[in-house]
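> Please see the structure below; I have some questions.
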Amino acid sequence: MDKDELSIEIKKWAEKMRKEGKMENPTKDHKIALDALQNPLRRDLLKFIGTSSGKTIDEITKEFKMDLTQTKYHLGMLEKSLFIEHKDDLYILTPRGKGYINAVDWWGYDIE
């Protein structure tokens, strides 16, 4: 996906999130995102999830050697900040998550 396609995808997704009431206050939304990304483990989780078309909670728990409670906590932070979503037993990057990986933390990762 090139940068123009990603930009279009992000704009469409952001509009959908606003309509669903998930992005009402830009200041609050920005703080939630920054809080989620402050933790290096969560940034690594984003990269891991982005290396495929999705990861199960078991794959994530095993890869990062966490217990299920820890895994759910960190994934919950990333979901709340709209970087990932849970679909059909898989955690996948949202357009915001893809944008982060593409713009900030892409070193050695090809996102799907």
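The values are calculated or read from the model by the stated rules, or taken from the named source; none is laboratory data. Treat the numbers as computed from the prediction; the structure is a model and nothing was measured. Don't worry about glycine lacking a Cβ; one is built from the backbone with ideal geometry, like all the others, and counts go over all protein chains shown.
> Yes or no: Thr61 among the β-branched types (Val, Ile, Thr), free of Cβ contacts under 8 Å to residues at least 60 places away in the same chain, part of a helix (DSSP H, G or I) and loosely packed, with under 15 Cβ neighbours inside 10 Å?
No.
> A further question on this structure: Which count do you get for residues in segment 90-112 that are exposed (fewer than 15 other Cβ atoms within 10 Å of the Cβ) and modelled with pLDDT of 95 or more?
Of the residues in that region, 0 qualify.
> Then there's this: Hey, among the residues in segment 1-27 that are outside any loop (DSSP other than H, G, I, E, B) and among the acidic types (Asp, Glu), which one's surrounded by the most Cβ atoms within 10 Å (Cβ to Cβ)?
Among those that are outside any loop (DSSP other than H, G, I, E, B) and among the acidic types (Asp, Glu), it is Glu9.
> Which count do you get for residues in segment 28-43 that are in a helix (DSSP H, G or I) and closer than 17 Å to Ala103 by Cα?
The total comes to 8.
> Same structure again: Going residue by residue through segment 51-71, is there one that turns out to be under 20 Å from Leu6 (Cα atoms), modelled with pLDDT of 95 or more, in contact with a helix residue (DSSP H, G or I) (Cβ under 9 Å, 6 or more places away or on another chain) and of a type outside the set (Asp, Glu)?
Among the residues of segment 51-71, not one is under 20 Å from Leu6 (Cα atoms), modelled with pLDDT of 95 or more, in contact with a helix residue (DSSP H, G or I) (Cβ under 9 Å, 6 or more places away or on another chain) and of a type outside the set (Asp, Glu), which makes the answer no.
> Ok, one more. How many of the residues in segment 1-27 are closer than 14 Å to Gly99 by Cβ and either out of contact with any Leu (no Cβ under 8 Å at 6 or more places or on another chain) or polar (S, T, N, Q) (or both)?
14
> Consider segment 65-84. How many of its residues are assigned to a helix (DSSP H, G or I) and either among the acidic types (Asp, Glu) or over 16 Å from the mean Cα position of the chain (by Cα) (or both)?
Looking only at that region, the number is 4.
> What are the pairs with Cβ atoms under 8 angstrom where one residue, in segment 11-31, is at pLDDT below 85 and of a type outside the set (Gly, Ala, Ser) and the other, located anywhere, is assigned to a helix (DSSP H, G or I) and exposed (fewer than 10 other Cβ atoms within 10 Å of the Cβ)? Sequence gap at least six, or different chains.
If the second residue must be assigned to a helix (DSSP H, G or I) and exposed (fewer than 10 other Cβ atoms within 10 Å of the Cβ), no pairs are left.
> Determine, yes or no, whether Thr51 is closer than 14 Å to Gly97 by Cβ and either hydroxyl-bearing (Ser, Thr, Tyr) or surrounded by 13 or more Cβ atoms within 10 Å (Cβ to Cβ) (or both).
When the stated conditions are applied, Thr51 passes them.
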